[in-house]
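First the structure, in the form of structure tokens, and then the observations on it.
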Amino acid sequence: MKLNGTFHLLLISFSLTAVGQVRTTKPQPIAHVHSRAPLHQNPYVELPLGTIKPLGWLKEMLIRQKNGATGQLDELYPLVMNQRNGWLGGDGDQWERGPYWIDGLLPLAYILDDSALIAKTKPWVEWALTSQQPDGYFGPAKDYSPEPGIQRDNSRDWWPKMVMLKVLKQYYSATGDKRVITLMTNYFKYQLKELPQKPLDHWTFWARYRGGDNLAVIYWLYNITGDKFLLDLGDLVHKQTFNYTNGFLNTDFLARPGSIHCVNLAQGIKEPIIYYQHHPDKKYLDATKKAFSDIRQYNGMAHGLYGGDEALHGNNPTQGSELCSAVEMMFSLESILEITGEVSYADQLEKIAFNALPTQVSDDYMTHQYFQQANQVMATRHVRNFGDNHGGTDVCFGLLSGYPCCTSNMHQGWPKFVQNLWYATADRGIAALAYSPSEATIGLSNGLHVSVKEETGYPFEEIIRFVVNPSRKASFPFHLRIPAWCKQATIRINGNVVQQSAGNQVVKINRAWQAGDVLELYLPMHVFNNTWYENSVSIERGPITYALKVGDEVTTVKNDKDPIEYGATYNELRPTTPWNYALIQVPETKLADQYRVEKVKPVSIYPWNPESTPLQIKTKGRRIPSWGIYNEMAGPIPYSLTYQLETANDLEDITLIPYGCTNLRISQFPMVRK
């Protein structure tokens, strides 16, 4: 079907079962939804949920989620996730936590095609679909008196519905259940009628900052139905949402500590670009680009995120970064990438996915940290210099340590990353813009289906091998991202070099493809550094930041003090090896000599801990005696370079490992002269 300037909807030919019935067979290749006029035609189009399957270490991540807290949260956290939950019709928790969990559980279930997990999602989906009232409202509708550990008020708040809208969008993508379209159409008519009298911040301020999530689903539905009132609603939601465009472009609020909640920023940063789809003014693109630049300058850290504990809190590497910020920023970057196709957003997505995310959740996916620190040398119960402290448990590893929003919301990170490894393209091709072992079958025009398998040890290895199997010999473009950190990539097809490309671009290989074609993308990685707070330096290679390997001792604490708030147990970590090292200043041309990359072992099925790391970097360091523990964290980092700073006489061999493999670490180092 010709797209031209009208961006017609490609009709979706789902393999449907009876309405509401759970489909547990593997989804067949189905079409996808392109933009409908007057919306901007996005260069990349999300594939139906379940089309993309993880392989290798990434599949193991999802299996650990299934066997860990994601698959068992109803049993581990019954106070909120039991039958009393308001999103199951009960008188318990009425607000965000139930939808948060299902927003991660549902994509996990359909990606793994796991009937038991799908069955766990069904009561939540069914209750939401059948809760709709004659006026279009859906969801919990009654407030209850306070009760320890659960949120029983603000049931009609706009914000939790935004999360459930994301859930239902994904459910429709996986099943084609048309009740979703009916519910959303009626609910959005309700919003259009009610928002003028009860704006987004009528109940709480959260919806005002997170309206971009609402807006994204409005435009998604418009692309399916073409109902014009949705465009009017989109304008209204944008108008009532915090003005990120002006804030990013014309104010200094990202340079001011405390100016915005860290998760509101992670979610809101995409709003200007979501709105750009209907109003393609360059200022919306510029606003988001400037926002990322300002975050990097004033709040950025080597793990890819920023100081926000919970309000924005600068770039000192001992400030906290909330786990919700990681998963929500990943989702925002995925949304932005689909609309803009800009390499920098995919680079940033990988930086968070391969650094911040793995280290903040335990290997068994049962415990997590509410805040992580870029320089983290103790993870103990103690009140630190965070804007919000929750009984001092924020850096401990527990089910409920910190605040339970992350207990509920952490589950979406990896499944949605899988969902955004592959796209269909506006020019009728396929695209791989973020890399990890995976496979997909992508439906293109005229009945063509392309199965593609991505074999790689990335982000630890430099070669990504794609096996392409179209259903018939056909010509179409294959889009590949060359990261900005890569100086020159090499592309081979069936063993022959076809192209060498500089970094920071998307290349398109347009040719006649046939079954069994093999494309190899070689992305040579080199050691480089970045400068941060107090001129501290991070050591990086490819998408990975490397951090000091610090030994740790784990103590499990039985919490008799406040188990309802922070869990019955949590784990504390204390260092068993020195951590107060400075690196030796060398010219950039000598980095390869100073930092020796060593392959320790093949990439295993689970590489994300100190024992399993495939790579390490050997270098020299010098201890700084005056840099010690302060307030159960690394003390103030010495400025680089400090004149007459006292250092140990001996240079020591030290080992750096991938940030995502660490428990305790220094990732932003002071520098000293040799």
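The values are calculated or read from the model by the stated rules, or taken from the named source; none is laboratory data. Predicted model only: the values in this text are computed from it and were never measured. Virtual Cβ from ideal backbone geometry, glycine too; neighbours counted across all protein chains shown. Please note that ligands, DNA and RNA were not included when accessible areas were found on the heavy atoms of the full protein model with its side chains. Shrake-Rupley method; radii C 1.70, N 1.55, O 1.52, S 1.80 Å.
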How charged is the neighbourhood of G71? Take every other residue with its Cβ under 12 Å from the Cβ of G71, and add Lys/Arg as +1 and Asp/Glu as -1.
-1
With a 1.4 Å probe and all protein chains kept in place, how do E454, E588 rank by accessible area, largest first?
E588, E454
K561: which lysines have alpha carbons under 23 Å from its alpha carbon, excluding same-chain residues fewer than 8 sequence positions away?
none
Cut-off under 14 Å on the C-alpha distance; same-chain residues fewer than 8 positions from K120 excluded. Which aspartates and glutamates are left, in chain and number order?
D74, E75, D103
Kindly flag which residue pairs out of K189/K228; K193/K270; K283/K508; K169/K416; K290/K508; K618/K674 have an alpha-carbon separation exceeding 21 Å in this structure.
K193/K270; K283/K508; K290/K508
Peptides ranked, highest mean first, by Cβ atoms within 10 Å: ranges 95-103, 204-212
95-103, 204-212
Can you tell me, using C-alpha contacts under 8 Å and at least 6 residues apart, the relative contact order of the stretch 205-351 as a whole percent?
23 percent
Round to a whole angstrom and tell me the spacing of the C-alpha centers of the stretch 517-592 and the stretch 292-339.
16 Å
By per-residue mean of other Cβ atoms within 10 Å, what is the highest-first order of 297-305, 650-658?
297-305, 650-658
Remind me, relative contact order of the chain in percent, using alpha carbon pairs under 8 angstrom and six or more residues apart?
13 percent
Checking rank on 344-351, 516-523, 540-547, 223-230, with mean other Cβ inside 10 Å and highest first, the result is 540-547, 344-351, 516-523, 223-230
Heads up, I need the accessible area for W124: 1.4 angstrom probe, whole protein in place, Å², nearest 10.
10 Å²
